[in-house]
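Q: Please see the structure below; I have some questions.
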Amino acid sequence: SAVISQKPSRDICQRGTSLTIQCQVDSQVTMMFWYRQQPGQSLTLIATANQGSEATYESGFVIDKFPISRPNLTFSTLTVSNMSPEDSSIYLCSVRGGTYGYTFGSGTRLTVV
Amino acid sequence: AQSVTQLGSHVSVSEGALVLLRCNYSSSVPPYLFWYVQYPNQGLQLLLKYTTGATLVKGINGFEAEFKKSETSFHLTKPSAHMSDAAEYFCAVSDPPEGGYNKLIFGAGTRLAVHP
């Protein structure tokens, strides 16, 4: 299965600032997925990123708040913009592997103060 | 639309006892089903998945799950709990590759506690 390198692993940020999270995959993948896991909660899909096209956002998530880039088939970034304490969560990227198993990055634990 | 319901946000068992974590799904097409485990402060690890074929699926760490279409269920079991099984368990569903958008939808999770 694919191996995902996600960074940073954690960060503490001031409200009103932005943080960009990076995911690098060791193989080419068509789709990359970005999830948010709020404290004590399950994972919620933010958006799906295809290479060469705009990301598709789920209900409740907008591009201005969570812009995504997907410049090639092995890399994607998620930016959390104009952060507030409510954005404190774990953010995870994911890809679907060849045997239809989804692999996840180790996550970015974000705290907004 | 797809959805996943995990019955019981917290389950507590004794070491050596049977583990049963319940998952029911709703899907308009025959789904692919997954169980993931998340240990404290760690990422997600795939325990097992059902795509096609045999409905009883064996995974890692002695876990298994059975896909029951008539009951729209995919319950996770382990015959004998170990202290190291204490974690959060997530059931998830997706469309098959030819059936849709392929995104993974998660249940709310079940926190498993194992006591001596």
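One line per residue, one yes/no per condition, for (1) surrounded by 20 or more Cβ atoms within 10 Å (Cβ to Cβ); (2) not polar (S, T, N, Q):
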site: A:ARG15; (1), (2): no, yes
site: A:SER27; (1), (2): no, no
site: A:GLN37; (1), (2): yes, no
site: A:ALA47; (1), (2): yes, yes
site: A:PRO71; (1), (2): no, yes
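Q: Answer yes or no as to whether A:SER88 is under 20 Å from B:GLN38 (Cα atoms), touching a Pro at 6+ places or on another chain (Cβ under 8 Å) and surrounded by 14 or more Cβ atoms within 10 Å (Cβ to Cβ).
A: Considered against the rule, which asks whether it is under 20 Å from B:GLN38 (Cα atoms), touching a Pro at 6+ places or on another chain (Cβ under 8 Å) and surrounded by 14 or more Cβ atoms within 10 Å (Cβ to Cβ), A:SER88 comes out as yes.
Q: Next up: Of these, A:THR103, A:THR111, which one is part of a strand (DSSP E or B), within 13 Å of chain B (Cβ to nearest Cβ) and of a type in the set (Ser, Thr, Tyr)? Break it down stepwise before answering.
A: Working: A:THR111 fails: within 13 Å of chain B (Cβ to nearest Cβ).
Selected residue: A:THR103, the only one of A:THR103, A:THR111 that is part of a strand (DSSP E or B), within 13 Å of chain B (Cβ to nearest Cβ) and of a type in the set (Ser, Thr, Tyr).
Q: Residue by residue through segment B:32-66, note down the ones that are within 14 Å of chain A (Cβ to nearest Cβ) and of a type in the set (Phe, Trp, Tyr).
A: Correct list: B:TYR32, B:PHE34, B:TRP35, B:TYR36, B:TYR39, B:TYR50.
Q: A further question follows. Condition check: at pLDDT below 90 and of a type outside the set (Asp, Glu). Does A:THR20 satisfy that?
A: In short, no.
Q: Mind checking which pairs have a first residue in segment A:71-82 that is under 14 Å from A:THR48 (Cα atoms) and a second that is charged (D, E, K, R) and crowded, with 16+ Cβ neighbours inside 10 Å, Cβ under 7 Å, 6 or more apart or different chains?
A: A:SER76/A:ARG70
Q: On to the next question. Condition test on B:ALA113, is it of a type outside the set (Phe, Trp, Tyr), open to solvent by 40 Å² or more (accessible area, probe 1.4 Å), in contact (Cβ under 8 Å) with a residue 24 or more places away in the chain and not in a loop (DSSP other than H, G, I, E, B)?
A: yes
Q: So how many residues does segment A:1-26 have that are under 19 Å from B:ASN102 (Cα atoms) and of a type in the set (Ser, Thr, Tyr)?
A: 1
Q: Checking A:GLN51 against (1) away from every other protein chain (no Cβ under 11 Å); (2) within 29 Å of B:TYR39 (Cβ to Cβ); (3) modelled with pLDDT under 95; (4) more than 11 Å from the chain's Cα centre (by Cα): exactly one of these is not met. Which one?
A: If we test A:GLN51 against (1) away from every other protein chain (no Cβ under 11 Å); (2) within 29 Å of B:TYR39 (Cβ to Cβ); (3) modelled with pLDDT under 95; (4) more than 11 Å from the chain's Cα centre (by Cα), just (2) comes out false.
The values are calculated or read from the model by the stated rules, or taken from the named source; none is laboratory data. Just so it is clear, the model here is predicted, and its values are computed rather than measured. Positions of Cβ are generated from backbone atoms using ideal geometry, with glycine treated the same way; all protein chains shown enter the neighbour counts. Side chains included, ligands, DNA and RNA excluded: accessible areas come from the protein's heavy atoms. Shrake-Rupley method; radii C 1.70, N 1.55, O 1.52, S 1.80 Å.
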